[in-house]
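The values are calculated or read from the model by the stated rules, or taken from the named source; none is laboratory data. Bear in mind the structure is a predicted one, so any value in this text is a computation, not a measurement. FYI the Cβ positions are ideal-geometry reconstructions off the backbone, even for glycines, and counts take in every protein chain you see. Areas reflect the complete protein model, heavy atoms only, side chains present, ligands, DNA and RNA absent. Shrake-Rupley method; radii C 1.70, N 1.55, O 1.52, S 1.80 Å.
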Amino acid sequence: MKNKWLIALAAVGIHMSIGSVYAWSVLTKPIMEAMNISLQETTWTFSLAILFLGFSAGFLGSIVEKMGPRKSGLLSMLFFCSGLVGTAYAIHVQSLTLLYVFYGGIGGIGLGIGYITPVSTLVKYFPHARGFATGLAIMGFGFASLIAAPLMQKLVATFGLEQNFLLLAGVYSVVMIASSLYLSPPPETDVSAEKKDVKITYTKKQYSANEAMFTWQFYALWFIFFINITCGIALLAVASPMAQEITQMTPTVAASMVGIIGLLNGFGRILWSSLSDFIGRQNTYVAFFAIELVAFFAIAHTTNQYVFMAILMVIVTCYGGGFSCMPAYISDLFGTKYLSSIHGRILSAWGWAGIAGPIFLAMLRGMTEGYTTSLHVFSALFAVNLLVALALKLKSNLD
């Protein structure tokens, strides 16, 4: 049996590589200038990448399960790094269509495969600390932008925009190949085993993806995941201009705040997922939505910069925690054997939310000429999420 901590490191290696997609904003202006395209046209590249992430995870989850973590990790590398090389070519020939195809489509498929590949493997190495295990892997995805953003800025300034993508493709291919080759499932164990001092009941049955989709719990998880991401990603997309408008924060301070957001997005993933191993996934999600219900309402009614930042940071930890706790919650309900395929189908909510969140916020802001109403609507959506989470808490055991 391989060292579980090296397996964890391999999982983080894959997620740190593909998580660089969150540093896209650093490349927005250089791409706009190099290709002479608008902000909206450039932003659609990122939206398409997230959309394809969600859809590829949903449709290819079963294939990833059959291929195993090593082959699927290598497949993720092939798509993701090919997308980066193709992006360099798209910029060279000034083709917006190719930019969408390579970075959004091909790269996005690599994101989806790579996101689900290490998670189910890592969970099986930490059967009694599933929250910690998934948080450890997905934390890498959240932290990636902290390394990738300054790296990309340096590469663009030193070598140029096209060379930036080629160099990143080379670096990430090495990291992802090495990580994928080490990944392997552990020997078969009793996945129904339960640690007595942890307040979690694990299912004894191993549900297939199709069987899981015949339960109301599957759709409840999909719904709360969709709402959490829709509201969270909408807020993060406009965090800087919103802070400047509501609290009169300077652009410099707002930029620093965005950097801290990236840090807490990563810390929130490991913090909440580890905590969920002790208080239970049901209680964790109830806490998420109770906190966010109050926080989204409160942030709409503060003009104090420090209070605004404090509330935003709390929201960000819940947003990140919603990602990291989900695979563990799925494994509690449906087992670990088919976790990749079930998790992939739940992740389709991310694809839709990546499109819906920013569009919904822009629509509400255009109708009301401010952010207050939008934040009130999001608060109400978390009230609905809270009710669904409570229903899951009251009846979460499928056996």
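Details
- Shown in residue order for the range 288-293 are the 3J(HN,Hα) couplings computed by the Karplus curve 6.51 cos²θ - 1.76 cosθ + 1.60 at θ = phi - 60°: 3, 6, 5, 5, 5, 4 Hz (x for Gly and Pro).
- About its Cα centre, the dipole of the chain is roughly 880 debye, where the only charges are +1 on Lys and Arg Cβ and -1 on Asp and Glu Cβ.
- Positive minus negative residues near L75 (Lys, Arg vs Asp, Glu; Cβ under 15 Å): +2
- Over the chain, accessible surface divided per residue gives 40 Å², non-protein components excluded, 1.4 Å probe.
- The HN-Hα couplings worked out from phi for the range 247-260 by the Karplus form 6.51 cos²θ - 1.76 cosθ + 1.60 (θ = phi - 60°) are 10, 6, 5, 6, x, 5, 5, 5, 5, 5, 4, 4, x, 5 Hz, whole numbers, x standing for Gly and Pro.
- Sequence-distant contacts, meaning Cα pairs under 8 Å at least 6 residues apart, place the relative contact order of the chain at 26 percent.
- Among the listed pairs K71/K205; K4/K393; K71/K337, those beyond 22 Å (Cα-Cα): K71/K205; K4/K393
- Matching the structure-derived semi-axes √(5λ) of the Cα gyration tensor in Å against the labelled list (1) 40, 26, 19; (2) 31, 28, 17; (3) 34, 27, 23 gives the label (2).
- Among M367, M176, M249, the largest mean-square fluctuation in a Gaussian network model of the chain (Cα springs under 10 Å) belongs to M367.
- The mean sequence separation of alpha-carbon pairs under 8 Å and at least six residues apart, normalised by the residue count of the range 218-359, gives a relative contact order of 43 percent.
- Cα-based shape type of the range 1-66, given that a ≥ b ≥ c are square roots of the gyration tensor eigenvalues and the cut on a/c is 1.5: oblate
- Theoretical gain in end-to-end length, E162 to M363 [0.36 nm per residue, Cα-Cα removed]: 68.9 nm
- Taking a ≥ b ≥ c as the square roots of the eigenvalues of the alpha carbon gyration tensor, the range 305-372 is oblate, as a/c is not under 1.5 and a/b does not beat b/c.
- Other residues whose C-beta falls under 14 angstrom from the C-beta of L235 contribute a net charge of -1, scoring Lys and Arg +1 and Asp and Glu -1.
- In order along the range 95-110, phi translates into HN-Hα couplings of 10, 5, 4, 5, 4, 5, 5, 7, 6, x, x, 5, x, x, 5, x Hz, rounded to whole numbers, per the Karplus curve 6.51 cos²θ - 1.76 cosθ + 1.60 with θ = phi - 60° and x for Gly and Pro.
- Fully extending the segment from W216 to I279, taken as 0.36 nm per residue of separation minus the present Cα-Cα distance, adds 20.4 nm.
- With a simple spin-label model that places each label point 7 Å from the Cα along the Cα-to-Cβ direction, the separation between V175 and T372 comes to 4.4 nm.
- Label-point separation in nm, S95 to S208, each point 7 Å along Cα→Cβ: 4.1 nm
- Only Lys, Arg (+1) and Asp, Glu (-1) charged, at Cβ; the range 1-157 dipole about Cα centre in debye: 640 debye
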